Amino acid sequence: MKIQEADAKRLLLAEGLPVPAWEVARSPAEARAAASRLLHETGQVVIKAQVLVGGRGKAGGVKLASSDDEAEHVADAILGMQIKGITVRKVLVAAAADIVKEYYLAAVLDRGARRILLMGSAEGGVEIEQVAAEKPEAIVRIHADPLLGLQDWQAREMAFRLGLGRHLKAAVAIGKGLVRTMLVNDADLVEINPLAVVRGGGAPGAPGGEEQLVCLDAKITLDDSALFRHPTHEAMRDPDEEAPADAEARRHDISFIHLDGTIGCMVNGAGLAMTTMDLVKRAGGEPANFLDIGGGAKADRVAAAMRLILAEPRVEAILVNIFGGITRGDEVAMGLIEARRQQSRDVPMVVRIVGTNAEEAASLLEQAHFETATTLDEAARKAVAAAASQSAGGAA
Amino acid sequence: MSILIDRQTRLVVHGLTGREGSFHGGAMLDYGTNVVAGMTPGKGGQAALDGRVPVFDTVSDAVRETGANTSCIFVPAGGAPDSILEAVAAGIGTIFCITEGIPALDMVPVAAAVERAGARLIGPNCPGATSPGRAKVGIIPASIHREGSVGVVSRSGTLTYEAVQAMTDAGIGQSTCVGIGGDPIIGSTFLDVLRLFEADPETEAIVLIGEIGGAAEEEAAAWAAEHLADVPKVAFIAGRTAPEGKRMGHAGAIISGGSGTAASKVAALEAAGFRVAGSPTELPQLLRDAGYRG
């Protein structure tokens, strides 16, 4: 689960990391009020769109303001803006920092090494993927011991290799703090970009101001599998950015991802669901979704999956592909028959059920006049043909 | 021969008295697997599966009383990491963890502890393994298999069934079929299992079934190019149409920052001499094309 910058900063602050003060505003008036409280710090505030997608700066979602009038004006421009299809509904207002130098520092789960990786770069403020592609030697990687955790000497080594020797104590505290934030919250990723040396508490033009190291931006991704033991994290799920279909899928324990095609897919098992999408594409169609009904799905979950697929008006045909193991084919067939009885619009459906109780499923489906298929490739071809005849019919 | 499990396997099922444990425990027993013990704390002294299998309070009791050497874990996500460590402490050498949804960070110290003890972990979030005609551990349906000499290793469940069924239908049997699991942090990797197949005299060809996310397929491909050069090798990769940045069901199936794509895996496998199928149904023919005569 991705969380907003403001929530990420709150989690960092809770672990004692240095994060300059901020406020969240949902209207230009709130932004103005926040700015009037924060402007005294450095004479300038930064106003940032709060959306869970990257590239906010490039899209014009991050702007400076030097007065409360200007803050209100800027917030008015950013609120309601579309960034990669997401409507901006809130902004973060923070005192603008007088940046001396920017760095990148993150704690990530390294799958291959099966360890937590502390990753840093003195090339801060740009996407780390870009640094990795263009200047891989500029990235410092240090693995935490899987049983003992990140040691002080490792955090010192990171600080020295990034050239943060002058800020050693702060850099070590931040490095260790990132790993702690990750562990305490069960995060997959805790990223500070930029981590910045700023002048005088961030005050621009404050002569002789002491330099300090602060976290200017924060990105945290939480492990969905661990949400059960962090009940307070659920409140950080942003309903503004979760499509109703996604919330509905989550309620029914269905793994669902919306795509742009016309062929709805209902499959049991993640690998097989991906394969079904791939074969639809190979047969000349475009999948409308990824959908895994999970193991042992019964009729009610099948019906819920059908509603999710049909909620997308673009869907012109549905491909059901079930390989029964724990899941019983006849249960799925009964679910499909019931779902079709309830559904609001009729869309051609191609059903393939093999494995456990496939014969019972076949006779149920035959009685109910479903179109069936034996192999996966055949099912994909039939679904693509059905969708094509639907669009041809629609055009005529 | 086979890898990981065979007629010498003496299996203890963690959570045998639970719903999943008893259903699949019964199927394993019916298949002919030596299910010698169950483990459910507080139910020691009982007998499960119609009185056929004794239940113990601890894994070490099961090992001492029955000579169990392999574990199969059906314990819920919150307790599964602990269950793996209990098996390690009891001296179990091969541990299958079927449990889905274990927090990834829990597995970091557990995987390290398994490694340091010299034990072998398959999973979590895996369907287990079958050595057809000898033993099956986990949840893979028995009916899809046929005895033979193709080693199958996969990150997926039902997709593996699909591929194995296609092989069996074409008359191609399996030496062992292993599902390594779809989580970000797993015990044995593709590479670990390929090493076992390389050392198994009865495995004459390899089928590798991967998916988007991570770089384990690429790592295995590089090793296979050198060590399995003369072995017929075929592969299938799921997720060619998966969008970037979305978790495709499996916690580990995600393309991030442009890495972990199907294209990169297909390219690495082809460069290593694998024939890569466009559909699981093509795997049997590709095995034949690669020179497999079993």
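Quick notes on this one:
- Among the conditions (1) at pLDDT 95 or above; (2) more than 30 Å from A:Q130 (Cβ to Cβ), B:R293 misses just one, which is (1).
- Odd one out for A:A97 among (1) assigned to a loop (DSSP other than H, G, I, E, B); (2) hydrophobic (A, V, I, L, M, F, W, C); (3) more than 23 Å from A:A196 (Cβ to Cβ): (3)
So that you can scan it fast, the table gives a plain yes or no per residue for (1) surrounded by fewer than 22 Cβ atoms within 10 Å (Cβ to Cβ); (2) among the polar types (S, T, N, Q):
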{"residue": "A:M1", "(1), (2)": "yes, no"}
{"residue": "A:L11", "(1), (2)": "no, no"}
{"residue": "A:P20", "(1), (2)": "yes, no"}
{"residue": "A:E23", "(1), (2)": "yes, no"}
{"residue": "A:P28", "(1), (2)": "yes, no"}
{"residue": "A:R37", "(1), (2)": "yes, no"}
{"residue": "A:I47", "(1), (2)": "no, no"}
{"residue": "A:Q50", "(1), (2)": "no, yes"}
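Residues checked against (1) over 18 Å from the mean Cα position of the chain (by Cα); (2) of a type in the set (A, V, I, L, M, F, W, C); (3) at pLDDT below 95:
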| position | (1), (2), (3) |
| --- | --- |
| B:Q174 | no, no, no |
| B:G179 | no, no, no |
| B:T189 | no, no, no |
| B:R195 | no, no, no |
| B:P201 | yes, no, no |
| B:E204 | yes, no, no |
| B:V207 | no, yes, no |
| B:E217 | no, no, no |
| B:W223 | yes, yes, no |
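- Boolean, A:D238 is surrounded by 20 or more Cβ atoms within 10 Å (Cβ to Cβ) and acidic (D, E): no
- Residues in segment A:350-364 that are surrounded by 24 or more Cβ atoms within 10 Å (Cβ to Cβ) and either of a type in the set (G, A, S) or away from chain B (no Cβ under 14 Å) (or both): A:V350, A:V351, A:A361.
- Pair list, Cβ under 6 Å, 6 or more apart: segment B:204-219 residue within 18 Å of B:R240 (Cβ to Cβ), other residue modelled with pLDDT of 95 or more and of a type in the set (F, W, Y): B:I209/B:F236; B:A216/B:F190
- Those residues of segment B:269-294 which are within 14 Å of chain A (Cβ to nearest Cβ), part of a helix (DSSP H, G or I) and surrounded by 20 or more Cβ atoms within 10 Å (Cβ to Cβ), in sequence order: B:P280, B:T281, B:L283, B:P284
- Matching residues in segment B:1-44 - criterion: being among the basic types (K, R) and under 18 Å from the mean Cα position of the chain (by Cα): B:R7, B:R10
- For segment B:258-266, the criterion of being part of a loop (DSSP other than H, G, I, E, B), within 14 Å of chain A (Cβ to nearest Cβ), closer than 28 Å to B:Q174 by Cβ and among the basic types (K, R) is met by no residue.
- Of all the criteria given as (1) under 20 Å from A:P146 (Cβ atoms); (2) hydrophobic (A, V, I, L, M, F, W, C); (3) free of Cβ contacts under 8 Å to residues at least 60 places away in the same chain, the one not satisfied by B:A68 is (1).
- Between B:G51, B:G79, B:G93, the distinction of being on the phi > 0 side of the Ramachandran plot and surrounded by fewer than 23 Cβ atoms within 10 Å (Cβ to Cβ) belongs to B:G51 only.
- Qualifying residue in segment A:304-313 (condition: buried (at least 21 other Cβ atoms within 10 Å of the Cβ) and more than 25 Å from the chain's Cα centre (by Cα)): no
- Selected residue (criterion: nearest to B:I186 (Cα to Cα)) from residues of segment B:201-222 that are part of a helix (DSSP H, G or I) and within 12 Å of chain A (Cβ to nearest Cβ): B:A216
- Of the helices (runs of 4 or more DSSP H) lying entirely inside segment B:1-120, those containing at least 1 residues that are within 30 Å of A:S255 (Cβ to Cβ) span B:19-31, B:80-89, B:104-116.
- Restricting segment B:18-37 to residues that are farther than 24 Å from B:T176 by Cβ and not polar (S, T, N, Q), the residue that is surrounded by the most Cβ atoms within 10 Å (Cβ to Cβ): B:G18
- The residue that is surrounded by the fewest Cβ atoms within 10 Å (Cβ to Cβ), counting only those in segment B:201-229 that are charged (D, E, K, R) and within 27 Å of B:R134 (Cα to Cα), is B:E202.
- In segment B:223-257, residue nearest to the other protein chains (Cβ to nearest Cβ) [restricted to those that are β-branched (V, I, T) and outside any strand (DSSP E or B)]: B:T241
- Near pairs, Cβ below 6 angstrom, 6+ apart or cross-chain, from segment B:7-25 (within 23 Å of B:G91 (Cβ to Cβ)) to any residue that is among the basic types (K, R) and buried (at least 19 other Cβ atoms within 10 Å of the Cβ): B:R7/B:R134
- For beta carbons closer than 9 Å, sequence separation of 6+ or different chains, a first residue in segment A:270-286 that is under 12 Å from A:D377 (Cβ atoms) and within 7 Å of another protein chain (Cβ to nearest Cβ) and a second that is basic (K, R) and in a helix (DSSP H, G or I), the qualifying pairs are A:L279/A:R381.
- Given (1) in a strand (DSSP E or B); (2) under 28 Å from A:V24 (Cα atoms), index of the condition A:R56 fails: (1)
- Residues of segment A:5-33 classified as within 28 Å of A:G177 (Cα to Cα) and in a helix (DSSP H, G or I), total: 10
- Among the residues listed as B:D61, B:D50, B:D57, B:D82, the single one being without any contact (Cβ under 8 Å) to a residue 60 or more places away in the chain and closer than 26 Å to A:L227 by Cα: B:D82
- When A:E70, A:E41 are screened for being of a type in the set (D, E, K, R), more than 29 Å from A:I257 (Cβ to Cβ) and either in the same structural domain as A:I192 (by TED's automatic domain parsing) or free of Cβ contacts under 8 Å to residues at least 40 places away in the same chain (or both), only A:E70 passes.
The values are calculated or read from the model by the stated rules, or taken from the named source; none is laboratory data. This is a predicted model, so every value here is computed, not measured. Reconstructed Cβ throughout: ideal geometry from the backbone, glycine too, with neighbour counts over all protein chains shown.
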